[in-house]
Amino acid sequence: QRSVAIIGGGPAGLMAAEVLAQGGVQVDLYDAMPSVGRKFLLAGKGGMNITHAEPIDAFFSRYGARRAQMTPLLEAFGPDALRAWVHGLGIDTFVGSSGRVFPADMKAAPLLRAWLQRLRAAGVRFHMRQRWLGWDADGVGGVGSTLRLAGPDGDTFIKPDAMLLALGGGSWKRLGSDGAWLPLLAERGVAVAPLQPSNCGFDCAWSTHFSNRYAGAALGPVALSFDAGADDAQVQRKKGQFVITAGGIEGSLIYAFSAAIRDAIAAHGSATVMLDLAPDWTQERVTSELCRPRGARSLSSHLQSRLNITGVKSGLLRELASKEDFADPAILAARIKALPLTLAAARPLDEAISSAGGVRFDALQPDLMLRALPGVFCAGEMLDWEAPTGGYLLTACFASGRAAGLGALAWLRCEA
């Protein structure tokens with residue numbers, strides 16, 4: 001019986017293990033953590049968002065610059081296939097009002113338990129607290145070289161017929177995704193891109209008063225627009241909400257723009273987004289409401305009664321607009337509809353929900369085998385792609401794990 005060592009017990013590694021075990025391969029899965037699926041479980045703590053039910057072309061577009069590379073993987077195992085697979089584990093799903101897909105009970109743990117039970121029944125062996133340290137000095141890496149793993153009882157050396165890496169990116173280090181694998185591959189001639197934060201928050205220069213008063217407050221509904229500055233790029237606009245932090249902003253609306261904002265900051269030193277505090281009103285209507293007589297009421301009361309701008313919205317308007325802006329209703333209306341906020345830096349990689357960068361696609365064959373290391377396959381977030389939250393990250397991890405597992409299975413059959 002042929003053997004495969006899988007390094008990494010997230011969704012990509014577990015899906016690869018299922019494909020290989022179903023193909024009659026002996027699978028040994030190693031993970032540095034005490035148990036598998038730890039990031040998967042934490043991501044599902046507030047509601048397990050498995051995938052998204054939007055039209056498939058829109059779904060593919062969420063992968064941005066890597067759409068061409070990710071589309072074949074997602075065509076083979078996309079949102080509908082993933083939902084059917086979840087149903088096969090005895091877990092029902094439903095589509096939320098936003099189009100996001102969840103398990104019926106909104107929890108990740110029952111799904112993971114059912115999955116691990118099926119994997120163990122298929123003969124997959126799990127080895128916990130085993131950190132991959134690369135290859136021993138007996139070869140250049142890949143098939144024929146000995147893998148070295150460090151565990152609580154010392155080092156272990158194995159020589160499988162093939163190996164599959166699903167080690168995650170560089171975010172949430174405490175859950176195992178620390179990016180320590182990147183130099184191990186780079187020194188073996190694998191082309192890699194530096195890891196960067198994705199789906200992350202950003203720093204900006206709040207006043208002490210605003211930060212102390214509104215840190216932790218949710219701002220919404222608002223619309224955010226961002227001009228990436230590229231000649232062929234349209235200004236993107238999206239409605240939603242985000243959270244004020246002590247030194248910046250974070251939240252789902254920000255994550256949707258994080259890749260473009262991050263790249264703009266890298267290119268120009270900062271990036272300015274435009275906030276619409278009254279996204280459902282035209283500027284003309286806002287101006288008209290501001291021009292109505294307010295009698296003895298303060299301007300703050302007038303903004304609240306006429307435009308529902310109160311609390312953190314009112315605070316943000318006063319933080320970012322000048323005193324002169326408040327003196328002219330037309331100018332103030334323009335600020336309400338397009339309030340500029342300058343962002344100085346992305347938050348650190350370890351705070352990000354996910355990461356960009358990793359193994360470049362030109363270092364991979366279509367079956368996700370490394371060109372420089374025959375018999376070594378890669379999957380999941382360690383590949384150089386990114387996507388916003390909303391089920392896109394998880395779907396791609398499942399799809400790439402399945403593709404890498406099928407690639408390894410086909411390669412083993414050719415090598416037999």
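The values are calculated or read from the model by the stated rules, or taken from the named source; none is laboratory data. Note that this is a predicted model, so its numbers are computed, not measured. Every residue, glycine among them, receives a Cβ derived from its backbone with ideal geometry; neighbour counts consider all protein chains shown. Side chains included, ligands, DNA and RNA excluded: accessible areas come from the protein's heavy atoms. Shrake-Rupley method; radii C 1.70, N 1.55, O 1.52, S 1.80 Å.
Would you mind stating whether Phe210 is of a type in the set (A, V, I, L, M, F, W, C) and in contact with a strand residue (DSSP E or B) (Cβ under 7 Å, 6 or more places away or on another chain)? Talk me through it step by step, then tell me what you get.
Details: of a type in the set (A, V, I, L, M, F, W, C): yes; in contact with a strand residue (DSSP E or B) (Cβ under 7 Å, 6 or more places away or on another chain): no.
It is false that Phe210 is of a type in the set (A, V, I, L, M, F, W, C) and in contact with a strand residue (DSSP E or B) (Cβ under 7 Å, 6 or more places away or on another chain).
Within segment 147-159, is even one residue farther than 22 Å from Ser258 by Cβ and without any contact (Cβ under 8 Å) to a residue 12 or more places away in the chain? Let's see the steps before the verdict.
Kept after step one, since they are farther than 22 Å from Ser258 by Cβ, are these residues of segment 147-159: 147-159.
Those left that are additionally without any contact (Cβ under 8 Å) to a residue 12 or more places away in the chain: 153-154.
There is at least one residue in segment 147-159 that is farther than 22 Å from Ser258 by Cβ and without any contact (Cβ under 8 Å) to a residue 12 or more places away in the chain.
So how many residues does segment 53-92 have that are more than 23 Å from Asp367 (Cβ to Cβ) and of a type in the set (S, T, N, Q)?
Total meeting the criteria: 1.
Residues in segment 311-319: is at least one of a type in the set (Ser, Thr, Tyr) and surrounded by 20 or more Cβ atoms within 10 Å (Cβ to Cβ)? Quick ask: steps written out before the conclusion?
Our first condition is that a residue be of a type in the set (Ser, Thr, Tyr); within segment 311-319, this holds for 314.
In the following step, the residues that additionally are surrounded by 20 or more Cβ atoms within 10 Å (Cβ to Cβ) were identified as none.
No, segment 311-319 has no match at all.
Looking at Arg335, Arg371 in this structure, which one is open to solvent by 40 Å² or more (accessible area, probe 1.4 Å), modelled with pLDDT of 95 or more, in contact with an Asp or Glu (Cβ under 6 Å, 6 or more places away or on another chain) and not β-branched (Val, Ile, Thr)? Step through it out loud before you land on a result.
Working: Arg371 fails: in contact with an Asp or Glu (Cβ under 6 Å, 6 or more places away or on another chain).
Answer to the check: Arg335.
Can you tell me which residue among Leu316, Leu341, Leu373, Leu332 is in a helix (DSSP H, G or I), over 21 Å from Ser61 (Cα atoms) and touching a residue at least 60 places away in the same chain (Cβ under 8 Å)? It would help to see each step written out before you state the result.
Values: Leu341 fails: in a helix (DSSP H, G or I); Leu373 fails: in a helix (DSSP H, G or I); Leu332 fails: touching a residue at least 60 places away in the same chain (Cβ under 8 Å).
Leu316 is the lone residue from the list that is in a helix (DSSP H, G or I), over 21 Å from Ser61 (Cα atoms) and touching a residue at least 60 places away in the same chain (Cβ under 8 Å).
Within the bounds of segment 115-122, is there any residue that is surrounded by 15 or more Cβ atoms within 10 Å (Cβ to Cβ) and in contact with a His (Cβ under 9 Å, 6 or more places away or on another chain)?
The answer is no, given that none of the residues of segment 115-122 is surrounded by 15 or more Cβ atoms within 10 Å (Cβ to Cβ) and in contact with a His (Cβ under 9 Å, 6 or more places away or on another chain).
Please verify whether Arg67 is of a type outside the set (A, V, I, L, M, F, W, C), free of Cβ contacts under 8 Å to residues at least 40 places away in the same chain and touching a strand residue (DSSP E or B) at 6+ places or on another chain (Cβ under 7 Å), treating the condition exactly as stated.
Values: of a type outside the set (A, V, I, L, M, F, W, C): yes; free of Cβ contacts under 8 Å to residues at least 40 places away in the same chain: yes; touching a strand residue (DSSP E or B) at 6+ places or on another chain (Cβ under 7 Å): no.
When the stated conditions are applied, Arg67 does not pass them.
In this structure, is Phe94 under 30 Å from Pro348 (Cα atoms), among the aromatic types (Phe, Trp, Tyr) and at pLDDT 95 or above? Steps first, answer last, please.
Working: under 30 Å from Pro348 (Cα atoms): no; among the aromatic types (Phe, Trp, Tyr): yes; at pLDDT 95 or above: yes.
It is false that Phe94 is under 30 Å from Pro348 (Cα atoms), among the aromatic types (Phe, Trp, Tyr) and at pLDDT 95 or above.
Could you run through segment 77-101 and say how many residues are more than 19 Å from Tyr255 (Cα to Cα) and surrounded by fewer than 18 Cβ atoms within 10 Å (Cβ to Cβ)? Break it down into steps so the answer makes sense when it comes.
Initially, segment 77-101 is screened for residues more than 19 Å from Tyr255 (Cα to Cα), giving 77-97.
Retained after the next criterion (residues that are surrounded by fewer than 18 Cβ atoms within 10 Å (Cβ to Cβ)): 80-81, 84-85, 87-90, 92, 94-97.
Summing the residues that are more than 19 Å from Tyr255 (Cα to Cα) and surrounded by fewer than 18 Cβ atoms within 10 Å (Cβ to Cβ) in segment 77-101 gives 13.
Kindly indicate whether any position in segment 386-401 is closer than 19 Å to Thr146 by Cα and open to solvent by less than 10 Å² (accessible area, probe 1.4 Å).
To start, the set of residues in segment 386-401 that are closer than 19 Å to Thr146 by Cα comprises none.
There is no residue in segment 386-401 that is closer than 19 Å to Thr146 by Cα and open to solvent by less than 10 Å² (accessible area, probe 1.4 Å).
Could you list, in sequence order, the residues of segment 338-367 that are touching a Cys at 6+ places or on another chain (Cβ under 6 Å), under 30 Å from Leu184 (Cα atoms) and open to solvent by less than 10 Å² (accessible area, probe 1.4 Å)?
Passing the criteria: Ala352, Val359.
If I filter segment 150-184 down to residues being closer than 16 Å to Leu383 by Cβ and of a type in the set (S, T, N, Q), which single residue comes out as farthest from the chain's Cα centre (by Cα)?
Only one residue fits best here, namely Ser177.
Where in segment 4-76 are the helices (runs of 4 or more DSSP H), entirely inside, with at least 3 residues that are among the basic types (Lys, Arg), within 22 Å of Leu167 (Cβ to Cβ) and open to solvent by less than 20 Å² (accessible area, probe 1.4 Å)? Show your work before the answer.
Working: elements: 11-22, 38-43, 56-61, 67-76.
Hits in segment 4-76: none.
Name every residue in segment 168-205 that is among the hydrophobic types (A, V, I, L, M, F, W, C), in a loop (DSSP other than H, G, I, E, B) and either surrounded by fewer than 21 Cβ atoms within 10 Å (Cβ to Cβ) or touching a strand residue (DSSP E or B) at 6+ places or on another chain (Cβ under 6 Å) (or both), in order of residue number.
Quick first cut of segment 168-205, residues among the hydrophobic types (A, V, I, L, M, F, W, C) only: 172, 175, 180-182, 184-186, 190-193, 195, 200, 202, 204-205.
Among the residues that remain, those that are also in a loop (DSSP other than H, G, I, E, B) are: 172, 180, 190-191, 200, 204-205.
Once the filter is applied, which keeps residues that are among the hydrophobic types (A, V, I, L, M, F, W, C), in a loop (DSSP other than H, G, I, E, B) and either surrounded by fewer than 21 Cβ atoms within 10 Å (Cβ to Cβ) or touching a strand residue (DSSP E or B) at 6+ places or on another chain (Cβ under 6 Å) (or both), segment 168-205 yields Ala180, Val190, Ala191, Cys200, Cys204, Ala205.
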